[in-house]
Amino acid sequence: MPVRILATEDDPVLPAEHARRLLAAAGGEVVTLVRHGGHCGFIEDWQLRSALDDYAVRFFASAG
């Protein structure tokens, strides 16, 4: 089962350094580190659209 972790640099729960270590250990295949999003936030605009929704759609579409 493919796994994908979306982490952010401004996450107050999972420090960016931990996400970077996970990214390095996974060889960049399962972790995407983005600049903003907080912890489970990923709010894209004032309409509270979630960037995570688009990310998930792209992931599942590429997984075939």
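The values are calculated or read from the model by the stated rules, or taken from the named source; none is laboratory data. Computed from a prediction, not measured in an experiment: that's the story for all the values here. Ideal geometry is used to build each Cβ from the backbone, glycine not excepted, and the neighbour counts take in all protein chains shown. Areas reflect the complete protein model, heavy atoms only, side chains present, ligands, DNA and RNA absent. Shrake-Rupley method; radii C 1.70, N 1.55, O 1.52, S 1.80 Å.
Does at least one position in segment 16-38 carry a residue that is modelled with pLDDT of 80 or more, at negative phi, of a type in the set (Asp, Glu) and open to solvent by 60 Å² or more (accessible area, probe 1.4 Å)? Yes, segment 16-38 contains at least one residue that is modelled with pLDDT of 80 or more, at negative phi, of a type in the set (Asp, Glu) and open to solvent by 60 Å² or more (accessible area, probe 1.4 Å). Determine, yes or no, whether LEU48 is surrounded by 11 or more Cβ atoms within 10 Å (Cβ to Cβ) and either without any contact (Cβ under 8 Å) to a residue 40 or more places away in the chain or of a type outside the set (Val, Ile, Thr) (or both). No; evaluated as a whole, the condition is false for this residue. When segment 51-63 is examined, which residues are found to be among the hydrophobic types (A, V, I, L, M, F, W, C) and without any contact (Cβ under 8 Å) to a residue 60 or more places away in the chain? If the condition is that a residue be among the hydrophobic types (A, V, I, L, M, F, W, C) and without any contact (Cβ under 8 Å) to a residue 60 or more places away in the chain, then ALA51, LEU52, ALA56, VAL57, PHE59, PHE60, ALA61 are the ones that fit.
Scan segment 1-54 for residues that are in a helix (DSSP H, G or I) and in contact with a strand residue (DSSP E or B) (Cβ under 6 Å, 6 or more places away or on another chain) and jot them down.
ALA19, LEU22, LEU23 - these are the residues of segment 1-54 that are in a helix (DSSP H, G or I) and in contact with a strand residue (DSSP E or B) (Cβ under 6 Å, 6 or more places away or on another chain).
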